[in-house]
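**Q** Before we start, here is the structure in question, set down as structure tokens.
The values are calculated or read from the model by the stated rules, or taken from the named source; none is laboratory data. Source: prediction; values computed, not measured. Note that we place each Cβ from the backbone using ideal geometry, even for glycine, and neighbour counts take in every protein chain shown. We work out accessible area using only protein heavy atoms, side chains counted, and drop any ligands, DNA or RNA first. Shrake-Rupley method; radii C 1.70, N 1.55, O 1.52, S 1.80 Å.
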Amino acid sequence: EHVTSPDHLPFTLRDYLELVDWSGRALRPDKRGAIAATQPPILQRLGLNAEAYVETLRCQRFGRAIGTPQALQQLARHLRQTYIRGIGLARWLFAPLAPT
């Protein structure tokens, strides 16, 4: 996000994801569940390099969606398309999440 954008958050994506992860671990009586303390941090669970992710967003090389290659392929089928922009980038960006 550009600092000049009116929607700019005053912290990095990494900090934001860590805040979301921390919030998800909070135990409260009015909350259905929480992220277990034994779960690895969010960036590690996602297998995603936050800096690489931000760079891909900055370059806007994805088309109408961003996600794993499988999710993009499913979207393309749903839209009755044979191709969806960003599939190659998704294969690179989400490589740690790909099944082995």
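**Q** Would you check which residues across the stretch 64-100 are at pLDDT 85 or above and open to solvent by 100 Å² or more (accessible area, probe 1.4 Å) and list them?
**A** 74, 77, 78, 80, 82, 83, 85, listed by residue number.
**Q** Within the bounds of the stretch 46-63, is there any residue that is open to solvent by less than 90 Å² (accessible area, probe 1.4 Å), at pLDDT 80 or above and either part of a loop (DSSP other than H, G, I, E, B) or out of contact with any Cys (no Cβ under 6 Å at 6 or more places or on another chain) (or both)? Spell out the reasoning first.
**A** Keep residues of the stretch 46-63 that are open to solvent by less than 90 Å² (accessible area, probe 1.4 Å), which gives 46-50, 52-57, 59, 62-63.
In the following step, the residues that additionally are at pLDDT 80 or above were identified as none.
No.
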